[in-house]
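Chemist: This structure is in structure tokens; I'll ask about it shortly.
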Amino acid sequence: MMTNLFSVFDPSSSIMNFSLNWMSTYLGILLIPTSYWLMPSRYMIIWNNMNMTLHKEFKTLLGPMSNQGSTFIFISLFIMILFNNFMGLFPYIFTSTSHLTLTLSLALPLWIAFMLYGWINHTQHMFAHLVPQGTPAILMPFMVCIETISNMIRPGTLAVRLSANMIAGHLLLTLLGNTGPSMSLMLINILLITQLALLTLESAVAIIQSYVFAVLSTLYSSEVY
């Protein structure tokens, strides 16, 4: 019996108290194309084009002062979140990105690493970021407090944004699906059309949210140079 509205998202299947639901995080590895063939397949070409597009986009956001190869961590982050979001759209597969356990584990170490790198190597630059350019002298103490708080809550907003968007759509699909057995044939047809429209919307959200997470992480890292 469901004791909580959100308990449908809790891990349930396990062997010897080891949750199997989190294994869905690794299912995306099966979708990565292998390069065993001499001639690349269409899937491999699409994959390479996507990687190159993301590389150019993140390189522009990071700026000319970034280190070589620094875009690959954000490309990997985007692809991992994208696969996990899409895996959750399949029936009976646990959506790992709908839990703060995963999203906060991605956002917090990245933010801590950026902060440590910035404050150790570019201390003066980080202090300058606390006061926006053109701020009146009387408002400077308040701006420092506001900028510090906004900087501190960044990993939380990254994690909550992703998990909330994932859980909202899935919760709506679950609630609508549970009303199916008590409906008439006419209403079931309308429900199926609605569910297909929501599934299309969730597919778009899966792409958008993974892109937003990766882009915001890139922008946060570009501020520490």
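The values are calculated or read from the model by the stated rules, or taken from the named source; none is laboratory data. Please read these numbers as outputs of a predicted model, since none were measured by experiment. Glycine also receives a Cβ, built like all others from the backbone with ideal geometry; neighbour counts cover every protein chain displayed.
Table: residues versus (1) farther than 18 Å from Asn84 by Cβ; (2) surrounded by 15 or more Cβ atoms within 10 Å (Cβ to Cβ); (3) out of contact with any strand residue (DSSP E or B) (no Cβ under 7 Å at 6 or more places or on another chain); (4) at pLDDT below 90.
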| residue | (1), (2), (3), (4) |
| --- | --- |
| Gly180 | yes, no, yes, yes |
| Asn189 | yes, no, yes, yes |
| Ile208 | no, no, yes, no |
| Tyr211 | no, yes, yes, no |
| Ala214 | no, yes, yes, no |
| Thr218 | yes, yes, yes, no |
| Val224 | yes, yes, yes, yes |
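Chemist: To continue, here is another question. The conditions are (1) touching a Lys or Arg at 6+ places or on another chain (Cβ under 8 Å); (2) modelled with pLDDT of 90 or more, and Ser66 fails exactly one of them. Which is it?
Modeler: Among (1) touching a Lys or Arg at 6+ places or on another chain (Cβ under 8 Å); (2) modelled with pLDDT of 90 or more, the lone unmet condition for Ser66 is (2).
Let's see how each residue does on (1) assigned to a helix (DSSP H, G or I); (2) surrounded by 13 or more Cβ atoms within 10 Å (Cβ to Cβ); (3) of a type in the set (S, T, N, Q):
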site	(1), (2), (3)
Ile75	yes, yes, no
Ile93	no, yes, no
Pro109	yes, no, no
Trp119	yes, yes, no
Met126	yes, yes, no
Gln133	no, no, yes
Cys145	yes, no, no
Thr157	yes, no, yes
Leu173	yes, yes, no
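Chemist: What number of residues within segment 55-97 are farther than 26 Å from His170 by Cα and of a type in the set (A, V, I, L, M)?
Modeler: Residues meeting the conditions: 4.
Chemist: Using the structure shown, decide if Thr101 is out of contact with any strand residue (DSSP E or B) (no Cβ under 7 Å at 6 or more places or on another chain), of a type in the set (Val, Ile, Thr), surrounded by 14 or more Cβ atoms within 10 Å (Cβ to Cβ) and assigned to a helix (DSSP H, G or I).
Modeler: So Thr101 does not fit the description; no.
Chemist: Output yes when any residue across segment 162-170 is outside any helix (DSSP H, G or I) and either over 25 Å from the mean Cα position of the chain (by Cα) or within 24 Å of Glu223 (Cβ to Cβ) (or both), and no when none is.
Modeler: no
Chemist: Still on this model: Would you check which residues across segment 81-103 are at pLDDT 90 or above and within 27 Å of Gly118 (Cα to Cα) and list them?
Modeler: Passing the criteria: Ile81, Thr103.
Chemist: Mind telling me which of the residues Ser41, Ser13, Ser7 ends up being among the hydroxyl-bearing types (Ser, Thr, Tyr), at pLDDT below 75 and farther than 22 Å from Ala168 by Cα?
Modeler: So the residue among Ser41, Ser13, Ser7 that is among the hydroxyl-bearing types (Ser, Thr, Tyr), at pLDDT below 75 and farther than 22 Å from Ala168 by Cα is Ser13.
Chemist: If we scan segment 192-205, do we find a residue that is in a helix (DSSP H, G or I), in contact with a His (Cβ under 8 Å, 6 or more places away or on another chain) and over 25 Å from Thr97 (Cα atoms)?
Modeler: No, there is no match, as no residue in segment 192-205 is in a helix (DSSP H, G or I), in contact with a His (Cβ under 8 Å, 6 or more places away or on another chain) and over 25 Å from Thr97 (Cα atoms).
Chemist: Looking at segment 109-125, can you tell me whether even one residue there is out of contact with any Ser or Thr (no Cβ under 6 Å at 6 or more places or on another chain), in contact (Cβ under 8 Å) with a residue 24 or more places away in the chain and within 21 Å of Asn165 (Cβ to Cβ)?
Modeler: yes
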